[in-house]
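These notes are about the structure you will find just below.
The values are calculated or read from the model by the stated rules, or taken from the named source; none is laboratory data. Computed from a prediction, not measured in an experiment: that's the story for all the values here. Here the Cβ is made from the backbone with ideal geometry for all residues, glycine too, and neighbour counts use every protein chain on show. Note: areas computed on protein heavy atoms with side chains; ligands, DNA, RNA excluded. Shrake-Rupley method; radii C 1.70, N 1.55, O 1.52, S 1.80 Å.
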Amino acid sequence: MLIITLGLVLLLGYLAQSIGLCMVRGVNEWRKGKPEFLLAILFSGVFAWVSTLYSSYSGIPPQFIAYDFNIWFVIGGILFGFGTAFNQGCGVSTLSKLSRGDSKMMFTIIGWLIGWTILAVWIPSTNHHKLVMPSDITIIVLISLSIALLVWSFIGDKERRKLWLTMMSIGLIAGFVFLFDPKWPPSGLLHKVSHALANSDNTLWPPKESYFIFLALLIGMFSAAWHTKKFEVIKSNWQQWLLHLMAGTFMGVGASLALGGNDSQLLLALPTFSPGGILAVSGMILGIFIGLFVRDRYVIKAKV
């Protein structure tokens, strides 16, 4: 099962690097009057019904989650989005840029760990209420959306087909990976590491399989970057290190409050039409808008 999971994650990393999966890019294109890239990201999990049906036949418990409305999802989403705007990349795209040779993204990852650790030490009084979703209705809606989006992609040009088919393929693959390892995303790994550090408890450290999956994701991304000749070592300075450390900390705190970064929200929460997930993703988009405004208005102008 581990070999299959590693193979799927390798493919997922390759596809994510090839298409340039990034919510910041999606919001930037939306600001320019081109919302389709962001919409493709938001609907990337529509094929979740495939892994859900597989889990019901194989006996593997489904990992898709749904939470009721909660203000912490909004706050966490905004903080995460604000950090991604300054980082110029969300969770997945941070690793994509790192695998392309962007050295400053290492400090974003350190910031993630700091943010998760802060929330592991200081735990606010949150109360997240899980919901039991009507799976039959959810699956019917997801199947209908899948058919509609497939038709939409094939009646378009080559670029539209590539965009939608790649995004939906990422969601399809991720759905199966979640069945084998519910905490496979980078945010899940850092969540485990931060709790182990904060509590000084060796039993909380992630199993070695989680590190293998993380490396497989990076290798898949690096392979795509190398194949497309986009790999280039980009040096950075201490000002950029501090900026990305700050951005990563915002992302870590936000992901902790929202019970997951954009990867988990897009691929686990949205396919169940989770009210909490919808709030978190909406908060992330709003946070990106705010962050881009602040960054463009004050940070970049200050440099000029």
Legend entry - GNM flexibility winner over the chain from S200, S99, S264 (Cα, springs under 10 Å): S200
Inset, instruction - For the range 1-99, report the accessible area per residue in Å² (1.4 Å probe, heavy atoms, rounded to an integer). - result: 41 Å²
Legend entry - In order through the range 196-203: 3J(HN,Hα) via Karplus (6.51 cos²θ - 1.76 cosθ + 1.60), integer Hz, x for Gly, Pro: 5, 5, 5, 9, 6, 10, 5, 6
Inset, instruction - Would you please give the residues with an amide H less than 5 Å from that of Y67, counting only those at least 5 places away or on a separate chain, with H modeled from the backbone geometry? - result: L131, G276, G277
Inset, instruction - For the range 158-279, report the accessible area per residue in Å² (1.4 Å probe, heavy atoms, rounded to an integer). - result: 46 Å²
Legend entry - Cα lying deepest toward the dipole's positive end in the chain, options N70, I147, I114, charges on Cβ: I114
Inset, instruction - At 7 Å along the Cα-to-beta-carbon direction for both V141 and F212, put a label point, then send me their distance in nm to one decimal. - result: 3.7 nm
Inset, instruction - Using a 1.4 Å probe over the heavy atoms of the protein chains, calculate the carbon and sulfur portion of the accessible area of the chain as a whole percent. - result: 69 percent
Legend entry - Area of I19 that stays accessible when all protein chains are in place (1.4 Å probe, Å², to 10): 20 Å²
Legend entry - Residue-wise HN-Hα coupling along the range 85-90, computed from phi with Karplus coefficients 6.51, -1.76, 1.60 (Hz; x: Gly, Pro): 4, 6, 6, 6, x, 7
Legend entry - Angstrom value of the Kirkwood radius, inverse mean 1/r, which spans all Cα pairs in the chain: 19.5 Å
Inset, instruction - Exposed loop chymotrypsin sites (Phe, Trp or Tyr not before Pro) only (DSSP loop, at most 13 other Cβ atoms within 10 Å): please give the longest stretch of the chain free of them, not including the sites. - result: 123-304
Inset, instruction - Please tell me which of these pairs span more than 26 angstrom C-alpha to C-alpha: K97/K183; K208/K230; K208/K229; K34/K235; K158/K183; K162/K230? - result: K208/K230; K208/K229; K34/K235; K158/K183
Legend entry - Solvent-accessible surface (1.4 angstrom probe) belonging to C90, in square angstrom, nearest 10: 0 Å²
Inset, instruction - Would you work out which of F222, S236, T249 lies farthest towards the positive end of the dipole of the range 173-304, given +1 charges on the beta-carbon of Lys and Arg and -1 on that of Asp and Glu, about the Cα centre? - result: S236
Legend entry - In sequence order, calculated HN-Hα J values of the range 235-243 (Karplus, 6.51, -1.76, 1.60; Hz; x Gly/Pro): 6, 9, 10, 5, 5, 5, 4, 5, 4
Inset, instruction - Report, by chain and number, residues whose modeled amide H sits under 5 Å from the one on D102, excluding near sequence neighbours (fewer than 5 apart, same chain). - result: I234
